[in-house]
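Below is one structure; the comments refer to it alone.
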Amino acid sequence: MVQTESQPLGFIGVGGLAGVLVEGFRRAGDRRPILLSPRNADQSRRLAERVGCAALATNQAVVDGSAIVLMTTPPAATLAAIRGLAWRKGQLLICAAMDVTVPLLAAAAAPAVAVRIMPSASAAVNADALPLCPPNAAARMLLAQLGTVFELSDEGGFAAATALAAYHLWLYALMDTMVAASEAAGLPREAAVGLVASQTRAAATLALSAPPQAPVRAPLDLHGKPGSMTAQGLAVLDAADAFAPWRAAAAAAVQRARHGGAAPPAGLTAAGDPAK
């Protein structure tokens, strides 16, 4: 399917996530028609007024009028909502829900093509890191407006990528902790927030500029010399085994992404790997 600016884009499930994505598309300069489902009429009306969308009367009207449909319904309602609609060949369904699989989506939306994504709030400012499964050129072209797209061929890898969406949000708690510590040390609030956020962005920028095969911690090892402020602080973290809870949290997030929060199937570890 060839994507053009004239092809309408539909949203079924107009909650906070849909608002984030619409904001990102419009901020990127995408002016194609955007059609909104009637769920959450207040949100649909606000988006329609603020960024030029059209709120339609039914979900089927959204599907009938859209070349690409983004499904942003709650996970528990997603498959039933898709199965209740008539899809057509040549359509693309992009589903942002957890607790579904590509084969289930493909069967529910046949004969349309179905893919999965896991966006974050950063999509609103075109700075997202978006996993996409399976690879799809039209979806990649559309979603690249929201940030960097990472195409994944299997749902095991997609689950691991989905868990990193939680890491994205955990970073706000870490930054909040560092802002509070900086304020307590006498730094004005505005400077504390700006410096903490900017240092976090600077570290990410440097990590992205290095070859992916290089150790991500290489700048720490290079500059955290014995006796330095960095080394002294790192020693405090190491003494408290401070990174162990992060590993445990990551394993819990992967389990949630792979198994919907249920206990892993027999023969699998909590991380979703074969038990040994």
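Identify, please: which residue in the range 132-176 is of a type in the set (D, E, K, R) and in a helix (DSSP H, G or I) and is, among those, farthest from the chain's Cα centre (by Cα)? Quick ask: steps written out before the conclusion?
Narrowing the range 132-176 to residues of a type in the set (D, E, K, R): 140, 151, 154-155, 176.
Narrowing the set further to residues that are in a helix (DSSP H, G or I) leaves 140, 155, 176.
Details: 140: 14, 155: 15, 176: 21 Å.
If we take residues in the range 132-176 being of a type in the set (D, E, K, R) and in a helix (DSSP H, G or I), then 176 is farthest from the chain's Cα centre (by Cα).
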Scan of the range 132-187 for residues that are surrounded by fewer than 18 Cβ atoms within 10 Å (Cβ to Cβ), of a type in the set (Ser, Thr, Tyr) and touching a residue at least 40 places away in the same chain (Cβ under 8 Å), ordered by number
167
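Name the single residue that is surrounded by the most Cβ atoms within 10 Å (Cβ to Cβ) among those in the range 5-53 being polar (S, T, N, Q) and not in a helix (DSSP H, G or I).
Taking the candidates together, the pick is 37.
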Among the residues of the range 185-195, is any under 30 Å from residue 7 (Cα atoms), of a type in the set (Val, Ile, Thr) and modelled with pLDDT of 95 or more?
no
Taking the condition assigned to a strand (DSSP E or B) and either touching a helix residue (DSSP H, G or I) at 6+ places or on another chain (Cβ under 9 Å) or touching a residue at least 40 places away in the same chain (Cβ under 8 Å) (or both), does residue 129 pass?
yes
Pairs please, first residue from the range 110-126 and crowded, with 18+ Cβ neighbours inside 10 Å, second anywhere and of a type in the set (S, T, N, Q), Cβ atoms under 6 Å, 6+ apart in sequence or on different chains.
112/91; 115/136; 118/162
Here is a check on your reading of the model: is residue 66 in the same structural domain as residue 147 (by TED's automatic domain parsing), crowded, with 21+ Cβ neighbours inside 10 Å, among the hydroxyl-bearing types (Ser, Thr, Tyr) and at pLDDT 95 or above?
yes
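The values are calculated or read from the model by the stated rules, or taken from the named source; none is laboratory data. Predicted, not measured: the structure shown is a model, and the values here were computed from it. Backbone-built Cβ (ideal geometry, glycine too); neighbour counts: all protein chains shown.
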